[in-house]
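The values are calculated or read from the model by the stated rules, or taken from the named source; none is laboratory data. Remember, it's a predicted structure, so these values are computed and weren't measured experimentally. Quick reminder, even Gly has a Cβ in these numbers, built from the backbone with ideal geometry, and neighbours come from all protein chains shown.
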Amino acid sequence: MEVRVQNVRKEFDRFPALHDVSLDIKSGELIALLGPSGSGKTTLLRLIAGLERPTAGKIFFGQEDASEKSVQERNIGFVFQHYALFRHMTILENVSFGLEVRPRSTRPPKAEIRRRARELLDLVQLSGLEKRYPSQLSGGQRQRVALARALAIEPRVLLLDEPFGALDAQVRRELRKWLREIHDRTGHTTVFVTHDQEEALELADRLCVMSQGKIEQVGTPDTVYDQPQSPFVFGFIGESSALPVNIERGDIWLGDRPIGISSPEASGAARLFFRPHDIELVEGDAALSGVVASSRRVGGTRRVELDIGGAAHRVEIDLPFDHPAGERSQISFRPKRWKLFPPA
Amino acid sequence: MSRFGRFRQPSVIPGFGLTLGFTLAYFSLIILVPLVALVLRSAGLGWNGFWAAALDARVLASLRTSFLTALIAAGINVVFGTLIAWVLVRYRFPGRRIFDAMVDLPFALPTAVAGIALTAIYAPNGIVGQFAAQLGWRIAYTPIGITIAMIFIGLPFVVRTIQPILEETSKEVEEASATLGANRFQTISRVLLPSLAPAIMTGFALAFARAVGEYGSVIFIAGNIPFVSEIAPLLIVIRLEEFNYAGAAVIATVMLAISFVMLFVINLIQAWSRRRYGYGS
């Protein structure tokens, strides 16, 4: 089921949470709504679910206008950050709930409901725990029950609100992989909200990066990571450093020095963005050069903070872990891949 | 200490022996000793004398009146107390805090004041009572009046036990129910109320216990007609005024036994549901 969000605006008591947002979600894709808190990502998810009503704009499920439909009519699966399991019901009853509350005409017979609930518990690898209560499960298990419960109603769209936010790092990584597997097996159109860029990059087919109630960029993880369209995206996805530069006749200058890279853009002030690992060490004058302020080992590389032009600017670059640079030593480098944005 | 050693759990706060000792001593002094004295006093009548006093027709009638009206009052309190707790927790409206504070008034008001006020209102010439009288109903001086007094004094118990649990119940659970296709009625009856059940039960038990033991507010509105609207606590006082201390102790012992059994059963049900729903975990 494809979902189309069309010029949606949402205000809470006159406070705008979303400004004129449009997004096309393709059938069967796994898309991440990614952004810092307050960016409106959860609001957008709840609008798609029908838990909130848009102030303006429309939401389509396929060709059908779902904007005025209630949550119940939309037939969506929703997974909450804090599971929201029914604590007075067993795991099996939790998963069966969605089928049992159907009107008699569409409700499957009892035995069939049990069978399907068991099947789903099998899918989420929790068979054998049918008779337990939610309080007897670990966080990761609870979230898997919540997913099985959402899948039981055969939803047209699966929506997950920071599904791994309350779990510890290791369980998170496991569930991430596992969610991807489930998605590939069931083929549901899935939208999930996260503030964790690593999670979004690893899990999603496409990312929708949001900030301050607006969509900044939509694209595959590769596109968003390699070709960020705005300073915000550059800074939010992956690590980056920014320097205020000047363009003069095609050459890029920092202060009174050319730094050895050029741009066809018109002359004037700009901001230069680059990632710590997209640099090369160079000898000579036409480069960025700075003094090591601090360095620490990060996995297989050494992350070095450099003060450039006195202490005016600080950037981060990655060096080989066996690079001899110590504190106060001078390092010259050039960004290999970079992007210019208008000055802030 | 070594005897209690196996109950000891490592804790940052010391004093298991001291606090347990104090608890037992205090409990004995305040609750156990008076109750034992009560039972001993009624035992003074001997086996036959005890049952003769306990099964006296007027005593039985008063016990029935007391327990029946208390049960009905607690039942009504549970329904409307839950509703009030819901409104106080879920909605924001002007005057909510005042309303919230007013719920506690029956705790604080001298019960005799409440009794007189209720009688004035529900008597056949009172503000409400006159309309009831036109319809041919009598409220004051009947078991209905007793029930109303008991509802009045029991309400805060129900509201105050359900309120915190309701505050704790997240809105997400209701939203989850809706996303799964449940309509409002199903969400309330299958999700919300069952999760409140333990709190509702506690509220019921407290309101019931208070109503059974209530004296001050009831005797004014009850009319105290033997076999009709005479409550057991009043009969105890009557026996005392007749200097029939043993007779009074017998009624008290029977009340104690019935109340204890009922509260014990309610407690068992609660413990079971608490374990099941995993409160406190």
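Of the residues that make up the range A:118-127, is at least one surrounded by fewer than 19 Cβ atoms within 10 Å (Cβ to Cβ), without any contact (Cβ under 8 Å) to a residue 12 or more places away in the chain and facing chain B (nearest Cβ under 9 Å)?
No, there is no match, as no residue in the range A:118-127 is surrounded by fewer than 19 Cβ atoms within 10 Å (Cβ to Cβ), without any contact (Cβ under 8 Å) to a residue 12 or more places away in the chain and facing chain B (nearest Cβ under 9 Å).
Have a look at B:Gly136, B:Gly126, B:Gly81 and point out the one that is in a helix (DSSP H, G or I) and either within 30 Å of A:Leu159 (Cβ to Cβ) or of a type outside the set (Asp, Glu) (or both). Write out each step before concluding.
Values: B:Gly136 fails: in a helix (DSSP H, G or I); B:Gly126 fails: in a helix (DSSP H, G or I).
Checking each option against the conditions leaves just B:Gly81.
Checking the structure you have, find out if any residue of the range A:133-147 is among the aliphatic types (A, V, I, L, M), more than 28 Å from B:Leu166 (Cβ to Cβ), more than 10 Å from chain B (Cβ to nearest Cβ) and surrounded by 17 or more Cβ atoms within 10 Å (Cβ to Cβ). First the steps, then the outcome.
In the first step, residues of the range A:133-147 are kept if they are among the aliphatic types (A, V, I, L, M); the result is A:137, A:145-147.
From what's left, more than 28 Å from B:Leu166 (Cβ to Cβ): none.
No, every residue in the range A:133-147 fails to be among the aliphatic types (A, V, I, L, M), more than 28 Å from B:Leu166 (Cβ to Cβ), more than 10 Å from chain B (Cβ to nearest Cβ) and surrounded by 17 or more Cβ atoms within 10 Å (Cβ to Cβ).
Counting just the residues of the range A:274-290 that are surrounded by 17 or more Cβ atoms within 10 Å (Cβ to Cβ) and not in a loop (DSSP other than H, G, I, E, B), which one comes out nearest to the chain's Cα centre (by Cα)?
So the residue we want is A:Phe274.
Just checking, how many residues over the range A:128-159 are touching a His at 6+ places or on another chain (Cβ under 8 Å) and among the hydrophobic types (A, V, I, L, M, F, W, C)?
The qualifying residues number 3.
May I ask you to verify whether B:Val89 is in the same structural domain as B:Ala149 (by TED's automatic domain parsing) and surrounded by 14 or more Cβ atoms within 10 Å (Cβ to Cβ)?
Details: in the same structural domain as B:Ala149 (by TED's automatic domain parsing): yes; surrounded by 14 or more Cβ atoms within 10 Å (Cβ to Cβ): yes.
Judged against the criteria, B:Val89 is a match.
Can you report the number of residues in the range A:51-71 which are over 18 Å from A:Val193 (Cα atoms) and facing chain B (nearest Cβ under 10 Å)?
Total satisfying the criteria: 2.
Please indicate, with yes or no, whether at least one residue in the range B:47-62 is β-branched (Val, Ile, Thr), in the same structural domain as B:Leu256 (by TED's automatic domain parsing) and modelled with pLDDT under 95. Steps first, please.
First, the residues of the range B:47-62 that are β-branched (Val, Ile, Thr): B:59.
Checking which are in the same structural domain as B:Leu256 (by TED's automatic domain parsing) leaves us with B:59.
Checking which are modelled with pLDDT under 95 leaves us with B:59.
Checking the range B:47-62: at least one residue is β-branched (Val, Ile, Thr), in the same structural domain as B:Leu256 (by TED's automatic domain parsing) and modelled with pLDDT under 95.
Look through the range A:72-116, keep the residues that are in contact with a strand residue (DSSP E or B) (Cβ under 8 Å, 6 or more places away or on another chain) and of a type in the set (A, V, I, L, M), and return whichever of them is farthest from the other protein chains (Cβ to nearest Cβ).
Residues of the range A:72-116 in contact with a strand residue (DSSP E or B) (Cβ under 8 Å, 6 or more places away or on another chain): A:74, A:76-81.
From what is left, the residues that are of a type in the set (A, V, I, L, M) are A:76, A:79.
Working: A:Ile76: 6, A:Val79: 9 Å.
Only one residue fits best here, namely A:Val79.
If a residue has to be farther than 16 Å from A:Asp20 by Cβ and among the hydroxyl-bearing types (Ser, Thr, Tyr) to count, how many in the range A:53-69 make the cut?
Matching residues across the range A:53-69 total 0.
Answer yes if at least one residue in the range B:219-237 is in contact with an Asp or Glu (Cβ under 9 Å, 6 or more places away or on another chain), within 25 Å of B:Val265 (Cβ to Cβ) and at pLDDT 90 or above, and no otherwise.
Quick first cut of the range B:219-237, residues in contact with an Asp or Glu (Cβ under 9 Å, 6 or more places away or on another chain) only: B:222-224, B:231, B:233.
Now restrict to residues that are within 25 Å of B:Val265 (Cβ to Cβ): B:231, B:233.
Applying the additional criterion that residues be at pLDDT 90 or above yields B:231, B:233.
The answer is yes, given that some residue of the range B:219-237 is in contact with an Asp or Glu (Cβ under 9 Å, 6 or more places away or on another chain), within 25 Å of B:Val265 (Cβ to Cβ) and at pLDDT 90 or above.
Can you find, within the range B:211-253, the residue that is farthest from B:Ile153 (Cα to Cα) among those that are assigned to a loop (DSSP other than H, G, I, E, B) and of a type in the set (Asp, Glu)? Give the steps one after another, and end with the answer.
Let us first name the residues in the range B:211-253 that are assigned to a loop (DSSP other than H, G, I, E, B), namely B:214-215, B:223-231, B:242-244.
Then drop every residue that is not of a type in the set (Asp, Glu), which leaves B:214, B:230, B:242.
On the way: B:Glu214: 8, B:Glu230: 18, B:Glu242: 29 Å.
Applying the filter and picking the extreme gives B:Glu242.
Here is a list: A:Gly238, A:Gly219, A:Gly255. Which entry is at pLDDT 90 or above and either crowded, with 17+ Cβ neighbours inside 10 Å or farther than 24 Å from A:Gly40 by Cβ (or both)?
Working: A:Gly238 fails: at pLDDT 90 or above; A:Gly255 fails: at pLDDT 90 or above.
Checking each option against the conditions leaves just A:Gly219.
Kindly provide the set of residues from the range B:167-208 that are buried (at least 19 other Cβ atoms within 10 Å of the Cβ), touching a residue at least 60 places away in the same chain (Cβ under 8 Å) and more than 7 Å from every other protein chain (Cβ to nearest Cβ), ordered by number.
Within the range B:167-208, B:Leu196, B:Pro198, B:Ile200, B:Thr202, B:Gly203, B:Phe204, B:Ala205, B:Ala207, B:Phe208 meet the criteria.
Say whether the condition of being assigned to a strand (DSSP E or B) and touching a residue at least 12 places away in the same chain (Cβ under 8 Å) is met by at least one residue in the range A:165-185.
Initial filter on the range A:165-185 (assigned to a strand (DSSP E or B)): none.
Looking for residues that are assigned to a strand (DSSP E or B) and touching a residue at least 12 places away in the same chain (Cβ under 8 Å), one finds none in the range A:165-185, hence no.
For the range A:97-114, what are the residues that are part of a helix (DSSP H, G or I) and surrounded by 12 or more Cβ atoms within 10 Å (Cβ to Cβ)?
First pass over the range A:97-114, keeping only residues part of a helix (DSSP H, G or I): A:97-100, A:110-114.
A:Phe97, A:Gly98, A:Leu99, A:Glu100, A:Ile113, A:Arg114 - these are the residues of the range A:97-114 that are part of a helix (DSSP H, G or I) and surrounded by 12 or more Cβ atoms within 10 Å (Cβ to Cβ).
Can you confirm whether B:Ile144 is free of Cβ contacts under 8 Å to residues at least 40 places away in the same chain, crowded, with 17+ Cβ neighbours inside 10 Å and within 20 Å of the chain's Cα centre (by Cα)? Before the answer, list the steps.
On the way: free of Cβ contacts under 8 Å to residues at least 40 places away in the same chain: yes; crowded, with 17+ Cβ neighbours inside 10 Å: yes; within 20 Å of the chain's Cα centre (by Cα): yes.
Yes; evaluated as a whole, the condition is true for this residue.
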